[in-house]
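Q: First the structure, which I've put down as structure tokens, then a few questions once you've had a look.
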Amino acid sequence: MECEKVNRFLSGYLDNSLKVTYRNAIKEHLAKCHKCMDELNTMTKIDNLLKLKVREKPSKEYWENYWQKLESRLDRTATLRLSGVQSSFNRFISKFAFALNGILIALLIFLSGLLHIRTQQMEWLQYVHEKTIEQISTYLLYPATRATTNVKTNALRDCKAISRTLVSLGIAKQSQGLNPGNFSERNSTGTEIHGFHGAQFLDKYDMLTYNYHSKFWSEISSDVASEEFKNGVKNAKKEG
Amino acid sequence: MGDRDAFGELVQKYKQQIYFVAYRMTNNHTDADDLSQEAFIKAYESICNFQEKSSFFTWLYRIIMNITINHLKKMGRRQIFTLDENISIEDISNPEKIAESRQLNEEITKAINSLPLKQKAVVELALLEGLPHREIAQILGCREKTVSWRLFQARNKLKEKLRFVV
């Protein structure tokens, strides 16, 4: 073993913390190498010097009163901790109340928005409920037919437009106790689109939670908001 | 109250050892008094966390070492050489020897204080308390090899500082 390597292990050798194989190898080296042996002796002297360090002792009285002093401190710590917990709790409550206020305000705004949409939906349902199919179809088909006249090349838009109409009419039929499936229309290419398309939507569609076909409903909502529809409603009301 | 009494017995058993760990690290009676008490308070409050993976003494040692090291870090490791009024030096009859002893003591203390805290902790526990490396590793929350390595580094540094004495 080289001296450089041995030096790294001398500390462990002194503490008897090395594996047996290493310990024996170092012992063998030390027997032949004075330089490393001197190094080990120096290390041992330093260890002994440290142990010589005078341990200055407190008085007997100090030790006799130690536990009493500690006990008072334990009592004081318990009291402080309780008041600390109470003030931490108060701070938590204030922060929580502040955060809760913010959440409530946000919730209120959100609910108002929903209420507005719901009100619109209810208005529409109310309207549908009050009018006849013929009256509704006339004014709902208007935007659909507008779309279909231009879409020989755009069958998708054609079907979407008709589907929207069908859903609206389906709602209308349901509200009058009729089967929404018994209704069909022909698109511009002559393909018959049945009421079942509308019925399918109705099955999956939840008016109140605004769920599955929220996009679809937003399209109906935009129809409802359109000038054509509003005029149609006005006219239907006049006629009704 | 039963818990308090039982804990009181543990305090009586270990107070000196815990005090001296803090004292050797801080070289200051007031700090050692304060830190040892703090260690016992912390032990009392977290006694339910003692999982018996090590001995109670090892666990207590760990608490005092952590508290003392944190204290020294906050203090910026100021070195204090005071002989407080309420402590007495062990009996050495010859006045010249007393002076020599104090001088040597100061040099040794200075040398130990110059070590990084982690090395100082290992020197304290291994060379002054005589604890085995395995137990020191448990107290300091490190591996045994780390303890050996820190001791090796500490000894090299001390050799340089105390060469003139040796």
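Each value in this text was obtained by applying a stated rule to the coordinates, not by laboratory testing. All values derive from a computational prediction rather than experimental measurement. Every residue, glycine among them, receives a Cβ derived from its backbone with ideal geometry; neighbour counts consider all protein chains shown.
Q: Suppose R0 equals 56 Å; then what is the FRET efficiency for B:Asn70 and A:Ile109 from their Cβ-Cβ distance, rounded to the nearest 0.05?
A: Computed FRET efficiency for B:Asn70 and A:Ile109: 0.70.
Q: Students often check this: by mean Cβ neighbours within 10 Å, which of A:36-47, A:97-108, B:115-126 ranks highest, and how do the rest follow?
A: The packing order, highest mean first, is B:115-126, A:36-47, A:97-108.
Q: For the range B:32-40, in order, what is each residue's ³J(HN,Hα) by Karplus, 6.51 cos²θ - 1.76 cosθ + 1.60 with θ = phi - 60°, in whole Hz (x at glycine and Pro)?
A: 4, 4, 5, 5, 5, 5, 4, 5, 5
Q: Whose amide H sits under 5 Å from the amide H of B:Leu162, counting only residues 5 or more places off or on another chain, with H placed in the peptide plane?
A: none
Q: Apply the Karplus curve 6.51 cos²θ - 1.76 cosθ + 1.60, θ = phi - 60°, to the phi angles in the range B:149-155 and return the couplings in whole Hz, x for Gly and Pro.
A: So the Karplus estimates, Gly and Pro as x, are 5, 5, 5, 4, 5, 5, 4 Hz.
Q: Using a 10 Å cut-off around each Cβ of peptide A:63-71, what is the average number of partner chain Cβ atoms that fall inside?
A: That works out to 4 on average.
Q: Please go through the residue pairs A:Lys27/B:Lys110; A:Lys95/B:Lys42; B:Lys15/B:Lys73 and name each one whose alpha carbons sit more than 27 Å apart in this structure.
A: A:Lys27/B:Lys110; A:Lys95/B:Lys42
Q: For B:Val147, A:Val6, A:Val20, what ranking results if the residue with the fewest other Cβ atoms within 10 Å of its Cβ goes first?
A: By the 10 Å Cβ count, ascending: A:Val20, A:Val6, B:Val147.
Q: Let me ask something additional. Please work out whether the range A:3-52 counts as rounded, prolate or oblate from its C-alpha gyration tensor, where a ≥ b ≥ c are the square roots of the eigenvalues and a/c under 1.5 means rounded, while otherwise a/b larger than b/c means prolate and anything else oblate?
A: oblate
Q: Using the count of nearby Cβ atoms within 10 Å as a rough guide to exposure, how do B:Cys142, B:Cys48 rank from fewest to most?
A: Ranked by crowding around the Cβ, least crowded first: B:Cys48, B:Cys142.
Q: Suppose every K and R has +1 on its Cβ and every D and E has -1 on its Cβ; what is the size of the dipole of the range A:1-77 about the Cα centre, in Debye to the nearest 20?
A: In debye, rounded to 20, the range A:1-77 gives about 60.
Q: Taking neighbour Cβ counts within 10 Å as the exposure measure, how do B:Thr26, A:Thr21 sort from fewest upward?
A: Ranking B:Thr26, A:Thr21 by Cβ neighbours within 10 Å, fewest first, gives A:Thr21, B:Thr26.
Q: Here's another thing I want to ask about it. Per-residue mean of other chain beta-carbon atoms within 10 angstrom of the beta-carbon, peptide B:42-49?
A: Averaged over the peptide's residues, the number is 1.
Q: Mind listing the long-range amide H neighbours of A:Lys57? Cut-off is under 5 Å, sequence gap 5 or more, other chains count too, H placed in the peptide plane at 1.01 Å from N.
A: Distant-sequence amide H within range of A:Lys57: B:Ser88, B:Glu90.
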